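What follows is a short report on a single structure.
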Amino acid sequence: MEGLKVWRLSSSIARPSNLRQLFGLGTSSGLVRCLDNGAAAANATNTRFPSRNRRASTSTSTSTNTSDREAVRAIRLKKVEQLRSKGTEPYGYKWDRSHSAKELQEIYKDLNNGEELDSESHHVSIAGRIVARRAFGKLAFLTLRDDSGTIQLFCEKERLLNDQFEQLKTLVDIGDILGASGSIKRTEKGELSVKVDSFSILTKSLLPLPDKFHGLTDIDKRYRQRYVDMIANPEVADIFRKRAKIMREIRKTVESRGFVEVETPVLQGAAGGAEARPFVTYHNSLGRDLYLRIATELHLKRMLVGGFEKVYEIGRIFRNEGISTRHNPEFTTIEMYEAYSDYQSMMDMAEEIVTQCALEVNGKLTIDYQGTEIQLQRPWRRETMHNLVKEVTGVDFTELEDDLKVAKDVVLKAVGLGLDSKDKSSIEACPSLGHLLNEVFEIFVEPKLLQPTFVLDYPIEISPLAKPHRRHAGLTERFELFICGRELANAFSELTDPLDQRARLEEQVRQHNKKRAEAVSVTDGTGEKKNIDEDSMYEVTLDDDFLTALEYGMPPASGMGLGIDRLVMLLTDSASIRDVIAFPVLKISQ
């Protein structure tokens, strides 16, 4: 970078008493932040930047930011008027670019310090956002960032025509989007630059970019204003570029095996394919309630009935449930179904998808996730739920009798010490041995599955769409894939018997309605409500059309759903699902 000097302010604007009123230098992303003249004017008399090792308090920064923001906006609106009064439109229509910043950096990487290429063949045109500026005397240096990276604009007063240099000083602010053309030069200090012949303001920015101390560290604001987050923190945008790579690689992997991508309805008459609370909407013309889908499963299976043998869909799923670091009300999955195969083939597919995506994004199969080294080399561990529970808790469910009460006593005796009241209540509320096994697994085993592990053979009570296990009564041919203590994929040998399927879904509806009835609020003698479980209050309906489709005959098949958001979290070392969703659902801002 070139040397640093303060812009000369007009006589009508008070000078700041020190440089930190004008410059906020350095961010975690390497962005050099320099406040424009308007911000300097707003801050000239009463704003002090904290030292580099100290942050201002939240209450102070909020009020100061609001005041500064409005002052800066007012000044920039006047600049818009000035530009138009000079016959310049500050919101352009088009700019013909010859190169991106990255392309120029690559093409001229061998250019020596101090060397200049001024011939017509080295005349270039670029465009992007101004993220920093410096000036001394008749020279000005602007840092321009486009989608590919950054490059410096080298501006000399004598080189620019008419009053463009003065316009650059007085009317161009950090945040503005500029187009510039000129020749190539590498400065004596080694900065590759476009030596500007002419420039044009393509978009005048009215609001100031956040500095290091305000806004960028406000996690909630970063999610709400992702567009500002990506400007201030370029590494955030890299996550979404990696996400796009992952999506491409998933499609490439499954289509190389002959799968066909299809699309199924988001609005459905009956939300099915999983057990989750749906979003309900109303269609005026049809005069009926519709549900946002909670899975793509049942319609994809209809495609198998119709004659497709390998189908998949990458789609948005909607579940009206809680929000956490790993749950968002809308999320993205890939679901796939393959005729004439069983769940063993889906284990191979899961391994291939994850490893290919890891190689595409990181170039290796050993990755770091939040300080834990994860080994993705195949093959991955495959173990039954029964054996994993026995391994961690010492309880062998195969030796327990059918007496549910006795089984709960055995479990609580083995693991009850130190168990919190919520988990203890969950165990005591289990309606069957299968539910009890799964509850113990989720509490004690799931968090320990850091390395890739296929958990096999789930109880039939919690797997209403999976085929009965061909060797073990009461179990199904189902697996879930866990990495870093999180479920990443869920797969079955699919149930194709229409009578068995109807009986299981009807039982699921009965169990839900029973739970719903128990959750209806009651009033005790004091008038207070109790026993309210809002998550159980939704209605579950039977998808009769799906059951009709099965009666026409669906071939033996395996199916799998894989959570793309969680896969992106894993491969980008992101702690929260909100970090990998561009615009996550948030509470209303107060």
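The requirement of being under 19 Å from SER493 (Cα atoms), of a type outside the set (Gly, Ala, Ser), out of contact with any helix residue (DSSP H, G or I) (no Cβ under 6 Å at 6 or more places or on another chain) and surrounded by fewer than 20 Cβ atoms within 10 Å (Cβ to Cβ) is fulfilled nowhere in segment 356-370; no residue meets it. Restricting the search to segment 567-582, which residues are open to solvent by 20 Å² or more (accessible area, probe 1.4 Å) and touching a Lys or Arg at 6+ places or on another chain (Cβ under 6 Å)? Those that are open to solvent by 20 Å² or more (accessible area, probe 1.4 Å) and touching a Lys or Arg at 6+ places or on another chain (Cβ under 6 Å): THR572, ALA582. Within segment 205-246, the residues that satisfy the criterion of being modelled with pLDDT of 90 or more and small (Gly, Ala, Ser) are SER205, ALA237, ALA244.
If I filter segment 114-123 for residues that are of a type in the set (A, V, I, L, M) and closer than 12 Å to LYS185 by Cα, do I get at least one hit? The answer is yes, given that some residue of segment 114-123 is of a type in the set (A, V, I, L, M) and closer than 12 Å to LYS185 by Cα.
Here ASP163, ASP110 are screened, and the one residue that is open to solvent by 40 Å² or more (accessible area, probe 1.4 Å) and either modelled with pLDDT under 95 or among the basic types (Lys, Arg) (or both) is ASP163. When only residues in segment 369-401 that are among the charged types (D, E, K, R) and not in a loop (DSSP other than H, G, I, E, B) count, which is farthest from TYR458 (Cα to Cα)? Checking each candidate, the answer is GLU373.
Please go through segment 106-124 and give me each residue that is within 34 Å of the chain's Cα centre (by Cα) and either among the β-branched types (Val, Ile, Thr) or closer than 28 Å to PRO208 by Cα (or both), ordered by number. Residue satisfying the conditions is ILE107 alone. Here is a check on your reading of the model: is LEU417 open to solvent by 70 Å² or more (accessible area, probe 1.4 Å) and either hydrophobic (A, V, I, L, M, F, W, C) or in contact (Cβ under 8 Å) with a residue 40 or more places away in the chain (or both)? Yes; evaluated as a whole, the condition is true for this residue. None of ALA473, ALA414, ALA407 is of a type in the set (A, V, I, L, M), part of a loop (DSSP other than H, G, I, E, B) and out of contact with any strand residue (DSSP E or B) (no Cβ under 7 Å at 6 or more places or on another chain) except ALA473.
Residues in segment 267-276 that are open to solvent by 60 Å² or more (accessible area, probe 1.4 Å) and at pLDDT 90 or above: 1 in all. Inspect segment 281-292 for any residue being among the acidic types (Asp, Glu) and either modelled with pLDDT of 95 or more or part of a loop (DSSP other than H, G, I, E, B) (or both) and give the result as yes or no. Checking segment 281-292: not a single residue is among the acidic types (Asp, Glu) and either modelled with pLDDT of 95 or more or part of a loop (DSSP other than H, G, I, E, B) (or both). Checked against (1) in contact (Cβ under 8 Å) with a residue 40 or more places away in the chain; (2) within 24 Å of LYS467 (Cα to Cα), ASP348 meets all criteria but (1). Is it true that GLY258 is surrounded by 14 or more Cβ atoms within 10 Å (Cβ to Cβ) and either of a type outside the set (A, V, I, L, M, F, W, C) or outside any helix (DSSP H, G or I) (or both)? The answer is no for GLY258.
Kindly check whether there is at least one residue in segment 128-150 that is surrounded by fewer than 21 Cβ atoms within 10 Å (Cβ to Cβ), in contact with a strand residue (DSSP E or B) (Cβ under 8 Å, 6 or more places away or on another chain) and free of Cβ contacts under 8 Å to residues at least 40 places away in the same chain. Scanning segment 128-150 turns up at least one residue that is surrounded by fewer than 21 Cβ atoms within 10 Å (Cβ to Cβ), in contact with a strand residue (DSSP E or B) (Cβ under 8 Å, 6 or more places away or on another chain) and free of Cβ contacts under 8 Å to residues at least 40 places away in the same chain. Considering every residue within segment 181-189, establish whether at least one is open to solvent by 40 Å² or more (accessible area, probe 1.4 Å) and assigned by the TED database to the domain that holds ILE126. Yes - at least one qualifying residue is present in segment 181-189. If I ask for residues that are in contact with a Lys or Arg (Cβ under 8 Å, 6 or more places away or on another chain) and closer than 20 Å to GLU518 by Cα, which ones from segment 402-450 would you list? Result: ILE427, GLU428, CYS430, LEU436.
The criterion of being farther than 25 Å from ASP229 by Cα and open to solvent by less than 20 Å² (accessible area, probe 1.4 Å) holds for LEU83. Scanning segment 303-329 for residues that are open to solvent by less than 50 Å² (accessible area, probe 1.4 Å) and either in a loop (DSSP other than H, G, I, E, B) or not hydroxyl-bearing (Ser, Thr, Tyr) (or both) yields LEU304, VAL305, VAL311, GLU313, ILE314, GLY315, ILE317, PHE318, ASN328, PRO329.
Considering segment 551-566 alone, what residues qualify as being more than 29 Å from THR366 (Cβ to Cβ) and open to solvent by 10 Å² or more (accessible area, probe 1.4 Å)? Listed by number, the residues that qualify are GLU551, TYR552, GLY553, MET554, PRO555, PRO556.
Just one of the listed residues (MET560, MET554) is outside any helix (DSSP H, G or I), more than 30 Å from GLN370 (Cβ to Cβ) and at pLDDT 85 or above, namely MET554.
When LEU376, LEU388, LEU359, LEU298 are checked against the criterion of being farther than 20 Å from GLU480 by Cβ and not basic (Lys, Arg), a single residue qualifies: LEU359. Six or more apart or on different chains, Cβ under 9 Å: which pairs go from a residue in segment 71-97 that's in the same structural domain as GLU166 (by the TED database) to one that's of a type outside the set (A, V, I, L, M, F, W, C) and open to solvent by 90 Å² or more (accessible area, probe 1.4 Å)? Could you list them? Note: pairs meeting the criteria are PRO90/ARG84. Residue count for segment 472-496 under the criterion of being without any contact (Cβ under 8 Å) to a residue 40 or more places away in the chain and surrounded by fewer than 18 Cβ atoms within 10 Å (Cβ to Cβ): the result is 3. Among the residues of segment 165-198, those that are in a strand (DSSP E or B) and either more than 38 Å from the chain's Cα centre (by Cα) or closer than 18 Å to SER85 by Cα (or both) comprise GLY182, SER183, ILE184, LYS185, ARG186, LYS195, VAL196, ASP197, SER198. Cβ-Cβ distances below 9 Å connect the following pairs, each with a first residue in segment 436-461 that is more than 12 Å from GLU487 (Cα to Cα) and open to solvent by less than 10 Å² (accessible area, probe 1.4 Å), a second residue that is among the basic types (Lys, Arg) and assigned to a helix (DSSP H, G or I), and a separation of six or more residues or different chains: LEU436/LYS408.
The values are calculated or read from the model by the stated rules, or taken from the named source; none is laboratory data. Computed from a predicted model, the values in this text were never measured in an experiment. Counting neighbours? That spans all protein chains shown, and the Cβs are built from the backbone with ideal geometry, glycine included. SASA here: full protein model, heavy atoms, side chains in, ligands and nucleic acids out. Shrake-Rupley method; radii C 1.70, N 1.55, O 1.52, S 1.80 Å.
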